[in-house]
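Student: Have a look at this one before I ask anything.
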Amino acid sequence: MKFSSIAIDGPSGAGKSSLAKNLAKKLGFVYLDTGALYRAVGLYVCEKNIGGSETAKIEKCIDNAVNNIDKIDIELTYTDGTQKVFLNGHDISEKIRENHISKYASDVSKIPKVREFLLRTQRESADRNNVVMDGRDIGTVILPDADVKIFLTASLEKRAKRRYDELLEKGYKDLNYDKILKEITERDEQDSNRSAAPLKPAQDAVILDNSDCESPDGTLERALKIIKEKLPYVCIR
């Protein structure tokens, strides 16, 4: 049986995770948040008191995990609209969304050994299920043969405002829009210029700019139209 796969790529704050989760729900597909995998590794490194730029030490952590000297067991569950991320049996769903872990996730994602470590997990999921994956290199590296590839983007200002509103809604205090805008700008620069799988649209990706969408529903509607054109046989719930 051949399973279908949908790759959602794009820069930080474009709404990839929201779109991917909504698509998975509408299509009855499995959702895999690849960004959460890198955030989990970033948290692991952070809790080992290793800096994000200490590549050799991070690579040693990965080697230890591969050789069963240490354990980096990451599990994603998605039930009733809520995703949970577990690291070595512990729920880290909230921890990996803290601002400083975003920088760690970006740092570890530049390391080829980390990417290779997580690659098998992602591809095995696509081999066993109809999947929607979101990240920054799904259509170019992880699932180059994905049935549908969407590159989701929006203006820097719009992405920063969405991130600001998201954090405000979660109860974060003393937020600074300009600081968030600066962090997203720096993240874009890092992701686009890293040597390992830089952020860029796949050649056969459909570019979806949702700067003018006031809600996730608008983005979802546009994405479903793209998918129906590519996969006319899928059923929308």
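The values are calculated or read from the model by the stated rules, or taken from the named source; none is laboratory data. None of the values given here were measured: they were computed from a predicted structure. Please note: Cβ atoms are built from the backbone with ideal geometry, for glycine as well, and neighbour counts cover all protein chains shown. With ligands, DNA and RNA removed, areas are computed over all heavy atoms of the protein, side chains included. Shrake-Rupley method; radii C 1.70, N 1.55, O 1.52, S 1.80 Å.
Student: Do me a favour and compute the ellipsoid semi-axes for the chain from its Cα gyration tensor, root of five times each eigenvalue, largest one first, whole Å.
Tutor: Calculated on Cα positions only, the semi-axes equal 27, 22, 17 Å.
Student: For region 114-205, state which trypsin sites (Lys or Arg not before Pro) are in a DSSP loop and have at most 11 other beta carbons lying within 10 Å of their beta carbon.
Tutor: Of the trypsin sites (Lys or Arg not before Pro), the ones in loops of region 114-205 whose Cβ has at most 11 other Cβ atoms within 10 Å are Lys170, Lys173.
Student: When DSSP assigns beta bridges and you keep just the ones with both residues in the chain, what percent turn out antiparallel, to the nearest 5?
Tutor: 30
Student: Still on this structure, please answer the following. What accessible area per residue comes out for region 1-89, rounded to a whole number of Å², with a 1.4 Å probe?
Tutor: On a per-residue basis, 46 Å².
Student: Then there is this: Mean residue ellipticity at 222 nm from the helices of the chain, using -39,500 (n - 2.57) per DSSP H segment of n ≥ 4 over the full residue count, to the nearest 500 deg cm²/dmol?
Tutor: Estimated from H runs of four or more residues: -15000 deg cm²/dmol.
Student: For region 123-234, what number results from the quotient of the Cα radius of gyration and 2.2 N^0.38 Å?
Tutor: Rounded to two decimals, the normalised Rg is 1.21.
Student: A further question follows. Mind jotting down the distance between the C-alpha centroids of region 159-188 and region 96-121, whole Å?
Tutor: Region 96-121 and region 159-188 have Cα centres separated by 20 Å.
Student: Give me the percent of accessible area attributable to carbon and sulfur for region 34-86, probe 1.4 angstrom.
Tutor: 43
Student: Expressed as a fraction of 2.2 N^0.38 Å, the rule-of-thumb size for a compact globular protein of N residues, what is the C-alpha radius of gyration of region 17-109?
Tutor: This ratio for region 17-109 stands at 1.15.
Student: Continuing with this model, one more query. So if R0 is 35 Å, what FRET efficiency would Asn193 and Glu214 give, r being the distance between their Cβ atoms, rounded to the nearest 0.05?
Tutor: Taking R0 as 35 Å, the efficiency between Asn193 and Glu214 is 0.65.
Student: Sticking with this one: Within the chain, what's the longest stretch lacking GluC sites (Glu not before Pro) that sit in DSSP loops with no more than 16 other Cβ atoms inside 10 Å?
Tutor: Longest stretch, sites excluded: 99-213.
Student: Around Asp9, under 10 Å between beta carbons, what's the net of Lys plus Arg minus Asp minus Glu among the other residues?
Tutor: Neighbour charge sum, excluding Asp9 itself: +2.
Student: Still on this structure, I have one more. Considering only protein heavy atoms, with the full assembly of protein chains and a 1.4 angstrom probe, order Tyr233, Tyr38 by accessible area, largest first.
Tutor: Result, largest first: Tyr233, Tyr38.
Student: Under a plain spin-label model, where a point goes 7 Å from the Cα along Cα-to-Cβ, how far apart in nm are Lys25 and Leu231?
Tutor: So the label points at Lys25 and Leu231 sit 1.8 nm apart.
Student: Counting only protein heavy atoms and a 1.4 Å probe, tell me what percentage of region 114-183's accessible area is made up of carbon and sulfur.
Tutor: 46
Student: How do Ser12, Ser106, Ser215 stack up against each other in accessible area, from largest to smallest, with a 1.4 angstrom probe?
Tutor: Per-residue accessible area, sorted high to low, gives Ser215, Ser12, Ser106.
Student: If amide H atoms are built 1.01 Å from N in the plane of the peptide, which residues on other chains or at least 5 residues away come under 5 Å of the amide H of Leu208?
Tutor: Correct list: Phe151, Leu152, Thr153.
Student: With contacts defined as alpha carbon pairs under 8 Å and 6 or more residues apart, what's the relative contact order of the chain in percent?
Tutor: Relative contact order comes out at 33 percent.
Student: Just to confirm the filter: which trypsin sites (Lys or Arg not before Pro) across region 1-87 are DSSP coil and have at most 15 other Cβ within 10 angstrom of their Cβ?
Tutor: Of the trypsin sites (Lys or Arg not before Pro), the ones in loops of region 1-87 whose Cβ has at most 15 other Cβ atoms within 10 Å are Lys2, Lys48, Lys71.
Student: Ok, one more. Starting from the Cα of Glu166, step 7 Å toward the Cβ, then list every residue of region 103-127 with an amide N under 17 Å from that point.
Tutor: Taking a point 7 Å out along Cα→Cβ of Glu166, the residues of region 103-127 whose backbone N falls under 17 Å are 103-107.
Student: Going down the list Lys173/Lys200; Lys25/Lys225; Lys21/Lys149, which pairs span over 23 Å between their C-alpha atoms?
Tutor: Violating the 23 Å Cα-Cα cut-off are Lys173/Lys200.
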